[in-house]
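Participant: My structure is below; once you've seen it, I'll send some questions.
The values are calculated or read from the model by the stated rules, or taken from the named source; none is laboratory data. Keep in mind that this is a model prediction, so the values were computed, not measured. For neighbour counting, all protein chains shown are included, and Cβ atoms are generated from backbone atoms with ideal geometry for every residue, glycine included. Quick note on the areas: whole protein, heavy atoms, side chains included, nothing else; ligands and nucleic acids left out. Shrake-Rupley method; radii C 1.70, N 1.55, O 1.52, S 1.80 Å.
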Amino acid sequence: MGDVLQIQWGSLDMLLEDMVTIKEQVTDMDTYVEEHVCSTAGFDFEPFALKPLADAMGEMRGYFSTMKSTFETRFEGLQAATIMTAKHVYATDETIKFDFDKLTGEPGQGDGGGPGIEVRLVGLRDPADRLTAPEEGKQKFPKGHDEPFQEVVSGWDAARDKVNECIKWCRDHGIDIFEELPDKSLEDFIVFPLSGDYYAIQQNSSACKKLAKAFRDYAVNFGLLAGNAIQAMKGQAGSALNLHIALYGAVMTAISGVIDGLAGVFESLATMSERIAMKVEKIIRVLAQKLFKLMRFLLKRINAVIGILTTVKEIAEKGTAFFTDLVEDVKTVKNLIEVAFGLATEVEEWAREQADRIKTVKQVVRIVSKLPHARAKMNLNDLPSDTGDIEKSLKDLKTDFGDPEGTAYDDLEDKVDEGVAEAGKTDPSVYYDEDCEPDSSGPNSSGPVNPLTGEPEEWHPPMAPPSVIAPQNDVKIPQGAR
């Protein structure tokens with residue numbers, strides 16, 4: 001008798017109505033995924049050091065979209081199989097009066113009948129209640145940031161061009177001892193394109209935590225629905241319906257665990273991003289300060305040469321002595337520029353490692369695709385009773401997304417530290433004050449000298465300048481670089 005299908009028609013009608021409501025709830029969650037969970041605001045910058053992460057966010061969006069469409073197909077099939085099963089009973093029982101053309105989940109179609117009492121699903125949760133805007137991000141290491149760096153980068157381009165103008169002036173006057181600085185702008189090398197926007201990445205993490213809670217509520221709804229299925233349908237078909245609805249609840253619970261793991265990935269990404277930002281801020285400030293200092297000294301040395309050597313010929317023959325101690329300065333700045341712009345390689349490798357962690361979320365597509373698929377004209381008895389495959393998949397589900405640092409971050413950290421250390425090792429210009437006068441504390445106390453006597457030359461305002469105009473100090477040095 002237990003295998004005989006018995007239907008409480010009013011409860012069945014309300015059950016189908018609730019199935020429609022639950023199926024439609026996934027749309028709100030998918031919209032939230034689009035707007036917040038998969039937001040690329042933290043990674044989508046020029047140049048493309050973080051492109052692997054931006055691309056991974058796009059792929060993740062695709063995974064969630066596939067999961068939604070696969071879920072809808074499976075669940076609609078389960079709804080159709082439920083209706084098909086009821087129609088078979090209806091066709092063999094002339095005492096039942098029921099409008100199957102309207103049995104689509106719209107309210108008010110059932111008029112009772114059949115064993116048992118009508119059961120209305122109560123306590124249905126709305127996952128959208130959880131889907132509020134993500135919290136604003138904030139610095140986790142406020143004391144670790146290099147506050148002056150934003151100020152010192154503001155005059156970068158002008159200072160770099162002025163240094164190169166001075167080098168060209170020297171070369172035009174027979175003092176060919178410097179290499180020009182690379183023509184690269186800090187507009188292409190600000191912090192976020194290398195580190196990512198850790199404020200925005202924290203919001204990805206916050207959004208994942210909210211979405212995970214929404215999926216847990218969604219799983220509860222399937223549990224409620226499974227209990228009501230037993231009241232609407234008795235017998236083997238009713239047991240099959242209950243089993244498969246419960247599977248949906250188990251899958252949604254598992255997905256919430258995966259999304260919780262994804263929240264952890266974004267949290268660690270935000271932390272690492274901020275740590276990278278602090279490194280980048282440091283190297284930019286060191287680089288900018290050295291550049292401004294070099295610019296000042298080149299301008300003053302040129303000024304000194306013009307003041308001492310009165311003809312272009314004298315400058316060509318004897319002017320080199322005024323600049324030899326600055327050759328290492330130019331090399332230091334040039335090398336540091338290359339180190340700074342070379343960081344993109346290490347950052348991109350780190351981003352590639354982290355992108356693989358994000359792509360782990362692909363498993364949600366696989367787990368949803370394991371749900372039984374009721375195809376056209378199948379009834380509940382045709383659904384597979386063996387759930388071992390999906391149970392194994394749930395057991396194997398991965399919620400640990402791997403190392404948040406990886407070897408690439410170690411390489412990046414070493415690269416920055418080496419660059420900053422190298423910049424501090426060779427800096428001859430620190431032994432001269434702003435008037436280019438030798439500082440007795442310097443290792444050799446060798447500054448501008450009179451090429452005729454070999455004695456240190458006190459700087460004085462230019463006299464009888466040559467016909468070629470010298471570069472002028474028209475670059476405003478930011479306060480933070482002084």
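Participant: Filter the stretch 218-240 for residues that are part of a helix (DSSP H, G or I), farther than 16 Å from residue 20 by Cα and open to solvent by 10 Å² or more (accessible area, probe 1.4 Å) and give the result.
Facilitator: 227, 230, 231, 236, 239, 240
Participant: Just checking, how many residues over the stretch 30-53 are modelled with pLDDT under 90, buried (at least 19 other Cβ atoms within 10 Å of the Cβ) and either of a type in the set (Phe, Trp, Tyr) or outside any loop (DSSP other than H, G, I, E, B) (or both)?
Facilitator: 4
Participant: Between residues in the stretch 164-179 that are closer than 14 Å to residue 321 by Cβ and residues that are open to solvent by 10 Å² or more (accessible area, probe 1.4 Å) and at pLDDT below 90, which pairs lie under 6 Å by C-beta distance while being six or more apart or on different chains?
Facilitator: Between residues of the stretch 164-179 that are closer than 14 Å to residue 321 by Cβ and residues that are open to solvent by 10 Å² or more (accessible area, probe 1.4 Å) and at pLDDT below 90, the close pairs are 173/316; 174/316; 175/320; 177/327.
Participant: Another question about this same structure. Going through the stretch 316-358 one residue at a time, which ones are open to solvent by 60 Å² or more (accessible area, probe 1.4 Å) and within 20 Å of the chain's Cα centre (by Cα)?
Facilitator: 345, 348, 349, 352, 356
Participant: Follow-up. Report, by residue number, each residue of the stretch 166-202 that is at pLDDT 70 or above and open to solvent by 50 Å² or more (accessible area, probe 1.4 Å).
Facilitator: 168, 171, 172, 176, 177, 179, 180, 183, 192, 199
Participant: Now a separate question. Within the set of pairs 6+ apart or on separate chains, which have a first residue in the stretch 217-241 that is charged (D, E, K, R), a second that is open to solvent by less than 50 Å² (accessible area, probe 1.4 Å) and assigned to a helix (DSSP H, G or I), and C-beta atoms under 6 Å apart?
Facilitator: So the pair list comes out as 217/127.
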